[in-house]
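Trainee: After the structure tokens below, expect a handful of questions from me.
Readers should treat all values here as calculations from the given coordinates under stated rules, not as data from a laboratory. Only a predicted model underlies this, so the values are computations on that prediction, with no experimental measurement involved. Methodologically, a virtual Cβ is constructed for each residue, glycine included, from the backbone with ideal geometry; neighbour enumeration extends over all protein chains shown.
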């Protein structure tokens, strides 16, 4: 077992960073009680996926950078998602006077 | 543009540390305003990572869309709904946090295992580097033309949907009597309709 420090950034480093970001986002998504923070966690997860796409595009598909095109589309969809999500949140807040996720149970039972 | 590999390594280490710590801060900090600003920092660091991967166009798009639009939108939402409320205690919250933490750690271990055991076909083809923007333009107007056009429809739908969802429904005339409604009532916020009666 001899670890030598890599001289360039390996692909696995990007993948590990994206895994950290994604798992943090999942944990925040499950455990946040503030609805705005849930939206922020979703943005973190989308960014983790984008990092993966960009790393693969640069390391494995250097000529036809299709991953970068996908990242552009993901950014577009994320912007639309944030706009609609925050509009839903404002509407909910106006009707229930709270941002506590535990009390948004209109559709539950 | 090629940076010396050691500089690249240092930049990657710093940026990924900022991303990881910032993401933890976004999730864990009690004050949500700090979380929103940290989220902006995370977005900027991710844009820096894209620059390290020779993708200047996507880095610019990341800064413009995420930092300029999404983060500002989140800050606006926080300003509009920022009411310090005492959250009711929930039984078993600690257990739930631990359980979900264990699930996330398991997911993390799985992802790491996949990342480090898969024989990736590196080094792949030579990266195009500075020509990436030209390549993206060629892709968007040839083989990805349909998704590109669909994205514009999607953005239009999201815009209309956000306006419809967030606007306050106001009647200009009273439904029952047909008289013009009191404008002073319209200016004030409507009484909440769905306040919980139980608990």
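Trainee: Fewest to most neighbouring Cβ within 10 Å: what's the order for B:104, B:11?
Mentor: B:11, B:104
Trainee: Any idea how far apart residue B:176 and residue A:64 come out in nm if each label point goes 7 Å out from Cα toward Cβ?
Mentor: The answer from the label model is 6.8 nm.
Trainee: Which of B:120, A:27 comes first, and how do the rest follow, when ranked by fewest Cβ neighbours within 10 Å?
Mentor: If I rank by nearby Cβ atoms, fewest first, I get B:120, A:27.
Trainee: For A:21, B:28, B:52, which order do you get if you count the other beta carbons within 10 Å of each Cβ and list the fewest first?
Mentor: Taking fewest neighbouring Cβ atoms as first place, the list is B:28, B:52, A:21.
Trainee: At what distance in nm do the modelled label points of residue B:122 and residue B:29 sit from each other, each positioned 7 Å from its Cα along Cα→Cβ?
Mentor: 3.2 nm
Trainee: Nearest 500 deg cm²/dmol is fine: what mean residue ellipticity at 222 nm does the protein assembly as shown get from its DSSP H runs of n ≥ 4 alone, each adding -39,500 (n - 2.57), divided by its residue count?
Mentor: -22000 deg cm²/dmol
Trainee: What do you get for the angle between helix A:66-96 and the principal long axis of chain A? Use alpha-carbon atoms, 0 to 90 degrees, nearest ten.
Mentor: Its long axis makes an angle of about 20 degrees.
Trainee: Separate question: Normalised by the empirical 2.2 N^0.38 Å for globular proteins, what value does the Cα Rg of the range B:42-120 take?
Mentor: Expressed relative to 2.2 N^0.38 Å, the Cα Rg reads 1.65.
Trainee: Now, a different point. As I understand it, the value is the acute angle between the Cα axis of helix A:35-60 and the longest principal axis of the Cα atoms of chain A; what does it come to in degrees, rounded to 10?
Mentor: The angle comes out at about 20 degrees.
Trainee: What angle do you read, to the nearest 10 degrees and between 0 and 90, between the alpha-carbon axis of helix A:11-31 and the longest principal axis of chain A?
Mentor: Its long axis makes an angle of about 10 degrees.
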